[in-house]
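Here the structure is laid out as structure tokens; the discussion comes afterwards.
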Amino acid sequence: MQTERCGRALLLLLAGCEGSQSALDPQGPQAGDIYTLWNVMFVSGIVVFVLSFAFVVAGVTLRKRELDPRRAWRWVVGGSIVTVLVLLGLLFYDARVTSRVEAQPHDPLEIEVTGRMWWWDFQYQLEPTSRSVRVANEIYVPVGRPVRFVLTSADVIHSFWVPNLHGKTDTIPGRTTSQWFRVDRPGVYRGQCAEFCGLQHANMAFVVVAVPADEFEAWLERQIEPAPPPADATAEHGQRVFLEKCGMCHAVRGTLAMAAVAPDLTHIASRRTLASGILPNRRGHMGGWILDPQQIKPGAFMPPVPLASADLHALLHYLETLR
Ligand SMILES: [Cu+2]
């Protein structure tokens, strides 16, 4: 227990503020099954290796003594049978884990995911009301309920991967693939693209926040809300700057900014990170990102936006009201 806690603390430390990211610390049944499979394969590999090596050594040393040649064939045939049995056993075990991990869940929450160079576009599909809500780079999921992801890509092949929760599933332009997982423990889990997709592939991360069901509902209700109108003159000034300089790429629901080629910023102030999980969401980082995103993510599809200092401060103030 103590060492487990230390291990987790170390993981959190290594992963910084963005939560844990480790396939060796499973937090749900899918990741748990995969972790067990990995362990079984690993231990089998070690046992087979040690035994094979022992037989090689025995073969070399025994040759010097008398070995009845009429009985030697038994070792060859016996060894072949054992090899086939071990491989077949692992194959069947692997197939069973795969079918269990992929069996369709009952009453899942459905989230559509579009991989984009180099960020993640999520759309919650809310069944009975047929409402939907779009968010970017950070999702909340309820603990204990299966979440099904329907995956596609807007440009090249990416791969959706949250190591603590499941394996990798490719997102492919023009096709949909899917994956589902259940999270058993509240926490913040980091995901990332696992298929090389260009210059900023390594900085295409996202955050999965698993919370109890009521907290999840509250979050979802807030995300569905459009942005509040500016509450003071500075925010109004900031919103004007936003509509003029940012609205052709980004959306803030409730305003005239409705473009969909960049992350939806309706509730950007409620987000933990900026630029697909790579910067903590603080005013200073936001200012730096807006003035020169190319310094932070060279090649990303957001150009530098030079702004007069008064405009920048008003814009930052406005963005902070988008909770
Ligand atoms: Cu990618």
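The values are calculated or read from the model by the stated rules, or taken from the named source; none is laboratory data. This is a predicted model, so every value here is computed, not measured. A quick note on method: Cβ atoms are made from the backbone with ideal geometry, for glycine too, and the neighbour counts reach across all protein chains shown. Surface areas here come from the heavy atoms of the whole protein model, side chains and all, with no ligands, DNA or RNA. Shrake-Rupley method; radii C 1.70, N 1.55, O 1.52, S 1.80 Å.
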Using θ = phi - 60° and the Karplus form 6.51 cos²θ - 1.76 cosθ + 1.60, what ³J(HN,Hα) does each residue of region 300-314 get, whole Hz, x for Gly and Pro?
4, 8, 10, x, x, 10, x, 9, 5, 4, 5, 5, 4, 5, 5
Per 5 angstrom bin, beginning at 0 and ending with the bin that holds the maximum distance, the Cα pairs of region 239-323 fall in percents of 3, 15, 27, 30, 22, 4, 0
Working from Cα positions, state the angle (0 to 90°, nearest 10) between the long axis of helix 213-224 and the longest principal axis of the chain.
40 degrees
Contour minus end-to-end for ARG70 and SER270, with contour as 0.36 nm per residue of separation and end-to-end as the Cα-Cα distance?
64.3 nm
Cβ-defined net charge surrounding HIS267, 10 Å radius [Lys, Arg +1; Asp, Glu -1]:
+1
Taking the Cα atoms only, what angle lies between the long axis of helix 29-62 and the longest principal axis of the chain, rounded to 10 degrees?
30 degrees
Selected from SER20, SER130, SER270 as most flexible by GNM, with the chain as the system and alpha-carbon contacts under 10 Å:
SER130
Highest first, please rank the peptides 150-163, 42-55 by the mean number of other Cβ atoms sitting within 10 Å of their residues.
150-163, 42-55
Between THR171 and residues 5 or more places away or on another chain, which pairs have amide H atoms under 5 Å apart, with H built 1.01 Å from N, and which residues are they?
HIS158, SER159, PHE160
Using only Cα atoms, tell me the angle between helix 69-102 and the longest principal axis of the chain; keep it within 0 to 90° and round to the nearest 10.
20 degrees
Counting Lys +1, Arg +1, Asp -1, Glu -1, what net charge surrounds GLN179 among other residues with beta carbon under 11 Å of its beta carbon?
0
Under 5 Å between amide hydrogens, which residues at least 5 positions from TRP180 or on another chain qualify, with H placed 1.01 Å from N in the peptide plane?
PHE149
Ranked order, MET248, MET302 - accessible area, probe 1.4 Å, largest first:
MET248, MET302
Evaluate the distance, in nm, between pseudo-label points positioned 7 Å from the Cα of GLN104 and of GLU236 along their respective Cα→Cβ axes.
5.4 nm
Take every DSSP beta bridge whose two residues both sit in region 115-221, then give the antiparallel share in percent to the nearest 5.
80 percent
Could you tell me which residue out of SER20, THR129, PRO142 lies farthest along the dipole of the chain toward its positive end? Charges go on the beta carbon: Lys and Arg +1, Asp and Glu -1, centred on the Cα centre.
SER20
Tell me the mean residue ellipticity at 222 nm calculated for the chain from its helices only (DSSP H runs of n ≥ 4, each -39500 (n - 2.57), averaged over every residue, nearest 500).
-13500 deg cm²/dmol
Return a whole-number percent for the relative contact order of the chain, with Cα pairs under 8 Å and 6 or more residues apart as the contact set.
17 percent
Segment LEU87-PHE49, length gained on full extension (0.36 nm per residue, minus Cα span)
12.3 nm
14 Å cut-off, amide nitrogen to a point 7 angstrom out along ASP155 Cα→Cβ, residues in region 252-270
261-263
Pull out the extension gain between ALA259 and SER309, defined as 0.36 nm times the separation in residues minus the alpha carbon to alpha carbon distance; nm, one decimal.
15.4 nm
Two-site FRET efficiency, LYS245 against GLN125, from Cβ-Cβ distance with R₀ of 41 Å, rounded to 0.05
0.80
How would THR255, THR36 rank on accessible area, largest to smallest, probe 1.4 Å?
THR36, THR255
